[in-house]
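The structure appears below as structure tokens.
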Amino acid sequence: MSGHGTPIPMTSRRAGPLKGVAEVPGDKSISHRSLILGALAIGETQISGLLEGEDVIDTAKAMRAFGAEVTDHGGGDWSVHGVGVGGFQEPDNVIDCGNSGTGVRLIMGVMATQPITATFTGDASLNKRPMARVTDPLELFGTQAVGREGGRLPMTLVGAADPVPVRYEVPVPSAQVKSAVLLAGLNAPGKTVVIEKEATRDHSERMLAGFGAEITVEDTDEGRVITLTGQPELKPQVIAVPRDPSSAAFPVCAALVTPGSDVLVPGIGLNPTRAGLFTTLREMGADLAYENEREEGGEPVADLRAKFSPEMKGIEVPPERAASMIDEYPVLSVVAAFATGNTMMAGVKELRVKESDRIDAMARGLRANGVTVEEGADWWSVEGLGPDGVPGGATCESFLDHRIAMSFMVMGMGAQKPVSVDDGSPIATSFPIFEPLMSSLGAQIVRSNS
Ligand code: S3P
């Protein structure tokens, strides 16, 4: 688990161009869901390409604690022997989800409609994050939740012994909340309905259908209406996890801001609920091509080719695109600093409740490195300094947030002076091979404040 060990200061400095192939790890969202749904199927689910980052490993441990047999076969191959919907056993100990909001919220959803009690905790970042957004709808099923002030972890959930199905309109654009309600609905009789006004990542819906649940999605005037029929028998699956577009964002953006670069990032899922960053970069004038476009496992996939892009212009990112790139705003703000003109990012108040307050964390680090940032409650803007205009030279706090740490490492690759972070250890939560992979392309990242 990150944030409990010794901090790892890191420094990134300008080197030669970035060149080569960047094979990024498996998708974090799909990796969590593969383990969780595998644990709810009867029989053996086989997973290849699982992201072996700390967040996902914590979910694997949690699934074992609830009674599933989870085996690591090496090289990203895992199997899960599930216990069936409603078959969780009560864990003997506290469930520690480390840094992972997705892990804890989805797992709370699953156990909320089973007659067991579980206590959840996490690291210093996770224990600050709001959980009422999940426990409020779970209480409608009959679950009881007791946590710290403000609905924070550590928190104990007493699962509903006789759950009732629920109709719930998600008040914030959150795939985690949507998924928690759907996973709770799995063990409630009848139909659970979730309505979301803005479409968020739809991996839960797609994967539940893949595992054999009866689930329908309708686009209506109310929004996306998702209807799940409870108490299905889920059938084990063979899952090849696609590579993570949110991790691909880092080598792609690094190539755009590092002179002379040409990097291929193969096999990236371009599910429209996830691909907003790439659309935005292309609108800014980035030299970013989709090569070898194809379908894999029902998802659009392409190889991304990113080249140094000195002509990028600041834009207004459409607020309605926010959900499809919510994890990518930190690194987009770095690219915006190397563009010409202002980049405005509005409709993004969810950024304030991620692993850190990402607007605050990025604004502090960007300003320390000579970039002008303005911000409000749900918007921020970055004044571009052009391809060679970012001064750099400062150390930024990563606030236990992997994406903040990686974003500032990308900034150091194109800035005039090196850029440091106080602690790069959280990178291991989602992208454990970040340093060797970026180094293999020609980046210079060292573990020290120099
Ligand atoms: C995720 C949903 C998003 C995202 C997170 C992964 C998921 O969070 O930021 O990294 O896998 O469902 P929210 O649901 O809080 O928006």
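Just a few scattered comments:
- Within the stretch 274-287, the residues that satisfy the criterion of being surrounded by 18 or more Cβ atoms within 10 Å (Cβ to Cβ) and under 22 Å from the mean Cα position of the chain (by Cα) are ARG274, ALA275, GLY276, LEU277, PHE278, THR280, LEU281.
- Screening GLY49 on (1) touching a strand residue (DSSP E or B) at 6+ places or on another chain (Cβ under 6 Å); (2) more than 30 Å from PRO245 (Cα to Cα); (3) open to solvent by 10 Å² or more (accessible area, probe 1.4 Å); (4) not charged (D, E, K, R) shows it passes everything except condition (2).
- When ALA160 is tested against the conditions (1) part of a loop (DSSP other than H, G, I, E, B); (2) open to solvent by less than 10 Å² (accessible area, probe 1.4 Å); (3) within 16 Å of the ligand (Cβ to nearest atom), the lone failure is (3).
So that you can scan it fast, the table gives a plain yes or no per residue for (1) among the acidic types (Asp, Glu); (2) under 17 Å from MET284 (Cβ atoms):
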residue: VAL353; (1), (2): no, no
residue: ASP360; (1), (2): yes, no
residue: GLY365; (1), (2): no, no
residue: TRP379; (1), (2): no, no
residue: PRO391; (1), (2): no, no
residue: SER407; (1), (2): no, yes
residue: VAL410; (1), (2): no, yes
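Okay, residues lined up against (1) farther than 26 Å from ASP58 by Cβ; (2) among the polar types (S, T, N, Q); (3) crowded, with 24+ Cβ neighbours inside 10 Å; (4) at pLDDT 95 or above:
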| residue | (1), (2), (3), (4) |
| --- | --- |
| HIS4 | no, no, no, no |
| PRO7 | no, no, no, yes |
| PRO17 | yes, no, no, yes |
| HIS32 | no, no, yes, yes |
| ALA39 | no, no, yes, yes |
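- Candidates PRO236, PRO232, PRO242 - the one that is open to solvent by 10 Å² or more (accessible area, probe 1.4 Å), modelled with pLDDT under 95 and farther than 26 Å from ASP388 by Cα: PRO242
- In the stretch 343-366, the count of residues that are open to solvent by 20 Å² or more (accessible area, probe 1.4 Å), over 26 Å from GLU320 (Cβ atoms) and in the same structural domain as PRO432 (by TED's automatic domain parsing) is one or more.
- Filter result for GLY43 (farther than 15 Å from ILE95 by Cβ and crowded, with 24+ Cβ neighbours inside 10 Å): no
Residues are listed down the side, and each one gets a yes or a no for (1) among the aliphatic types (A, V, I, L, M); (2) free of Cβ contacts under 8 Å to residues at least 60 places away in the same chain; (3) closer than 26 Å to GLU198 by Cα:
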| site | (1), (2), (3) |
| --- | --- |
| MET155 | yes, yes, no |
| VAL158 | yes, yes, no |
| TYR168 | no, yes, yes |
| SER174 | no, no, yes |
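- When ALA188 is tested against (1) buried (at least 19 other Cβ atoms within 10 Å of the Cβ); (2) of a type in the set (A, V, I, L, M); (3) in contact with a helix residue (DSSP H, G or I) (Cβ under 9 Å, 6 or more places away or on another chain), only condition (3) is not met.
- Tally, over the stretch 168-217, of residues that are assigned to a strand (DSSP E or B) and of a type in the set (D, E, K, R): 3
The values are calculated or read from the model by the stated rules, or taken from the named source; none is laboratory data. The model shown is predicted, which means the values in this text are computed figures rather than measured ones. All Cβ positions, glycine included, derive from the backbone under ideal geometry; neighbour counts span all protein chains shown. Accessible surface is based on the protein model in full, side chains and every heavy atom, while ligands, DNA and RNA are left aside. Shrake-Rupley method; radii C 1.70, N 1.55, O 1.52, S 1.80 Å.
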